[in-house]
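For reference, the structure discussed in these notes is given below.
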Amino acid sequence: MRGSRGATPGRFTAVRFFEPPRRQGRQGRQVTFDCGFQQMQIESLSNYWGAIQKTSEGYWVHPEDRHLFVSSPHSFNLDYPPPAFVGDIINAKVVILTANGGYKQAVTPHEFPDPRTEHEYVVRLTNPSGSDWRSVAKYYSDVNYADFICRGIVATVNACAYRSPKISAEPENRKLIKKLPSAAFTRRWLIDSVVTSANRGEKLVVAKRYGLWNLPKELMSSHGVVKDPAPVSPYLAKATLRAVHDFLA
């Protein structure tokens, strides 16, 4: 089973990141990172996930990823729509980088009791700015930045959209993520659209579960990117949360 082709890589481009000064009084410098594709827009991610479909077998998979799920060993749960992001990813001023969609056997099925709830979730993926984010999964309603998600000013985005219980204990899934077109697309979107906006001071990127993103060191230290010191915790560290508050003030 092979899905239809989606966005086609374009010409080679170079994205420049601003590296902040290492000592007071020194002027920062720009660092160039070559992403290899045409630059995307902030809407590109939701447009991309607008192609998500439920297969005839009952699995929620992006068309570009289907052939890999058929041919590769994995333990992702594909029974429910994948959370590529949570929140108004288009208008959010702060973007938090997370790992992948979570799955709990005792919880997740109750979040999608019928086709209507699945449809409503897909609508959020395709129209994040027109959706109501006051109702989210318990994982996100319990975090210390939940109110910001509800207000549409903070959004999280997963390196891999698909659901699993514990990605750090799933080597086959981590191996598959490196091959997934959807994961590559999300990484390109982050570099092209979000980080360039952060470099201009328009957004703040919080790198929390950054292991799966495989981002260049130049990006992680560029202007507008904050690395959370407690990546495993669902909560933002105090210093990181303070940086979010300061940016939104």
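The values are calculated or read from the model by the stated rules, or taken from the named source; none is laboratory data. Treat the numbers as computed from the prediction; the structure is a model and nothing was measured. Methodologically, a virtual Cβ is constructed for each residue, glycine included, from the backbone with ideal geometry; neighbour enumeration extends over all protein chains shown.
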Practice task
Note down all Cβ pairs under 6 Å where the first residue falls in segment 167-181 and is under 16 Å from Leu68 (Cα atoms) and touching a residue at least 12 places away in the same chain (Cβ under 8 Å), the second is among the charged types (D, E, K, R) and surrounded by fewer than 12 Cβ atoms within 10 Å (Cβ to Cβ), and they're at least six residues apart or on different chains.
Solution key: none
Exercise for the section: Filter segment 43-69 down to residues that are at pLDDT 95 or above and among the aliphatic types (A, V, I, L, M) and give me whichever is nearest to the chain's Cα centre (by Cα). Expected result: Leu45
Fill in the blank from the handout: When Trp213 is run through (1) over 20 Å from Ala146 (Cα atoms); (2) surrounded by fewer than 17 Cβ atoms within 10 Å (Cβ to Cβ); (3) at pLDDT below 95, the failure sits at (2)
Exercise for the section: Only residues that are among the aliphatic types (A, V, I, L, M) and without any contact (Cβ under 8 Å) to a residue 60 or more places away in the chain: list them for segment 93-125, please. Expected result: Ala106, Val107, Val123
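Restricted to segment 157-193, and to residues that are among the aromatic types (Phe, Trp, Tyr) and farther than 30 Å from Ala106 by Cα, which residue is surrounded by the fewest Cβ atoms within 10 Å (Cβ to Cβ)?
So, considering only residues that are among the aromatic types (Phe, Trp, Tyr) and farther than 30 Å from Ala106 by Cα, the one surrounded by the fewest Cβ atoms within 10 Å (Cβ to Cβ) is Phe185.
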Fill in the blank from the handout: Contact list, first residue from segment 66-82 and more than 12 Å from Lys175 (Cβ to Cβ), second anywhere and aliphatic (A, V, I, L, M), beta-carbon distance below 6 Å, six or more apart or interchain, is Arg66/Met1; Phe69/Val61; Val70/Met1; Leu78/Val61; Pro81/Val122; Pro82/Ala161
Practice task
Could you tell me whether segment 81-104 includes any residue that is surrounded by fewer than 16 Cβ atoms within 10 Å (Cβ to Cβ) and either more than 17 Å from the chain's Cα centre (by Cα) or modelled with pLDDT under 95 (or both)?
Solution key: yes
Handout entry: Selected residue (criterion: farthest from Ser131 (Cα to Cα)) from residues of segment 76-119 that are among the polar types (S, T, N, Q) and either part of a loop (DSSP other than H, G, I, E, B) or in contact with a strand residue (DSSP E or B) (Cβ under 9 Å, 6 or more places away or on another chain) (or both)
Key = Gln105
Exercise for the section: Give segment 194-208 a look and list any residue that's crowded, with 21+ Cβ neighbours inside 10 Å and in contact with a Ser or Thr (Cβ under 8 Å, 6 or more places away or on another chain), or say none. Expected result: Val195, Ala198, Asn199, Val206, Lys208
